[in-house]
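Here the structure comes first, spelled out in structure tokens, and everything after it is commentary.
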Amino acid sequence: MYNVSKACLAGFALLLIGVGSARGQGVNGSITATATVQTPITVTGTQNMSFGNVFPGVAKAILYSDASNAGKFSVAGQASTPVTYSFTLPANLTSAGNNLPIGSWLGYENATNSTSGGSGITPSATPTTSTLSGSGALFFFLGATVTPPANQPAGSYTGTVTLTVSY
Amino acid sequence: MKLLAYAVALTALMVHPLSGQRPISVTGVRSLVFGAVLPGVPAVVPRTSAANAGQFDLTGPHDTQAALTFTLPVVMTGPAGATLPLLFGGSDAGYSQSQSVASQIGFDPKQPFVITFNQNGRGSVFLGGTAQPIPTQRAGNYTATITLTMVSLP
């Protein structure tokens, strides 16, 4: 009798295992998600735009080709990749609450650090497209004109030019 | 001893109806591949992309139902522990009874989804998604694991 009970129990256990495996069982599988992030963009202001001494009533221009005084930016990123750039340009330089008008912005963009072999641009807030060089570089050169009125107060005037570049 | 034989025979009879049908299984077939991604530029892989969508192949007893549940990462991990946000939209997963990427029923991978196996006892799940690198995202290779769990329903 004891053997019979054991046999029945064993059979019942096997039965439960069989049914259990057929109902409500879970299996899983996995995959990977992959991405290769390219080089982020860096923008560096490498030379300030410098007008030097300016006299009231006398406009003064700095050409983008002026190696010593033109503004200059260098950009680094993923090689041979299109980018969009824009400038935030001041309308005035300021000093102790006084304004010195600045305008007539002219610029130049180039894949090399030179004002030849590239393209002339008109810097503005409007997004413009360009392409990073085969080494991932891009250079911008800026010139502008200040127009102090005859009654321009004396002082040291400054303003900020911002270049924004994105893929 | 005879009774033990009966018990084993009964057990075999109960299990026998499942023999000859496909066992349930989930197999990761293809990774979800975003490829080259630019910092600051979201990269989208649709679930209908034959080359880049993730794919799982499923098997199970024909004409039965099963519940699917994803375990989805929120980021991919890259160099020096850098993370790259990963998003899944409400229709980024798709189920195909015919295992064709061109013939899917879309579903939300963040919610459980019930499928019905066809006569062949096979099916495939495809998965798309969006990688959202920030503008200063560190360059390098990023990976994450996506798991699909399937539970057969009575």
Subject >> Filter result for residue B:54 (within 30 Å of residue A:166 (Cβ to Cβ), out of contact with any strand residue (DSSP E or B) (no Cβ under 6 Å at 6 or more places or on another chain), modelled with pLDDT of 95 or more and within 9 Å of chain A (Cβ to nearest Cβ)) >> reply: no
Original post:
Restricting attention to region B:100-119, does a residue exist that is touching a Lys or Arg at 6+ places or on another chain (Cβ under 6 Å) and either closer than 22 Å to residue B:65 by Cβ or buried (at least 19 other Cβ atoms within 10 Å of the Cβ) (or both)?
Top reply: no
**OP:** Collect the residues in region B:129-143 that are of a type outside the set (Lys, Arg) and surrounded by fewer than 23 Cβ atoms within 10 Å (Cβ to Cβ), keeping them in residue-number order.
**Re:** B:130, B:132, B:134, B:135, B:136, B:139, B:140, B:141, B:143
Original post:
Which one of these is small (Gly, Ala, Ser) and away from every other protein chain (no Cβ under 13 Å): B:139, B:144, B:102?
Top reply: B:102
Subject >> Qualifying positions in region A:91-146 - within 20 Å of residue A:60 (Cβ to Cβ), among the hydroxyl-bearing types (Ser, Thr, Tyr) and surrounded by fewer than 18 Cβ atoms within 10 Å (Cβ to Cβ) >> reply: A:94, A:95, A:104, A:122, A:145
Original post:
Could you list, in sequence order, the residues of region B:58-73 that are exposed (fewer than 14 other Cβ atoms within 10 Å of the Cβ) and either in contact with an Asp or Glu (Cβ under 6 Å, 6 or more places away or on another chain) or within 11 Å of chain A (Cβ to nearest Cβ) (or both)?
Top reply: B:71
Original post:
How do the strands (runs of 3 or more DSSP E) wholly within region B:57-96 filter down when requiring 1 or more residues that are over 20 Å from residue B:47 (Cβ atoms): which remain?
Top reply: B:65-71, B:75-77, B:83-87
Original post:
Which one of the conditions (1) at pLDDT 95 or above; (2) touching a Pro at 6+ places or on another chain (Cβ under 7 Å) does residue B:28 fail to meet, given that it meets all the rest?
Top reply: (2)
Original post:
Exactly one of (1) more than 11 Å from the chain's Cα centre (by Cα); (2) surrounded by 15 or more Cβ atoms within 10 Å (Cβ to Cβ) is unmet by residue B:93. Its number?
Top reply: (1)
**OP:** Determine whether residue B:53 is buried (at least 18 other Cβ atoms within 10 Å of the Cβ) and under 14 Å from the mean Cα position of the chain (by Cα).
**Re:** yes
**OP:** Hey, can you tell me all the residues within region A:3-37 that are at pLDDT 95 or above and not aliphatic (A, V, I, L, M)?
**Re:** A:28, A:29, A:30, A:32, A:34, A:36
**OP:** Restrict the check to region B:80-91 and report whether at least one residue is over 30 Å from residue A:77 (Cα atoms) and within 12 Å of another protein chain (Cβ to nearest Cβ).
**Re:** no
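The values are calculated or read from the model by the stated rules, or taken from the named source; none is laboratory data. This structure is a prediction, so every number in the text was calculated from the model and none was measured. Every residue, glycine as well, gets a Cβ built from its backbone with ideal geometry; the counts of neighbours run over all protein chains shown.
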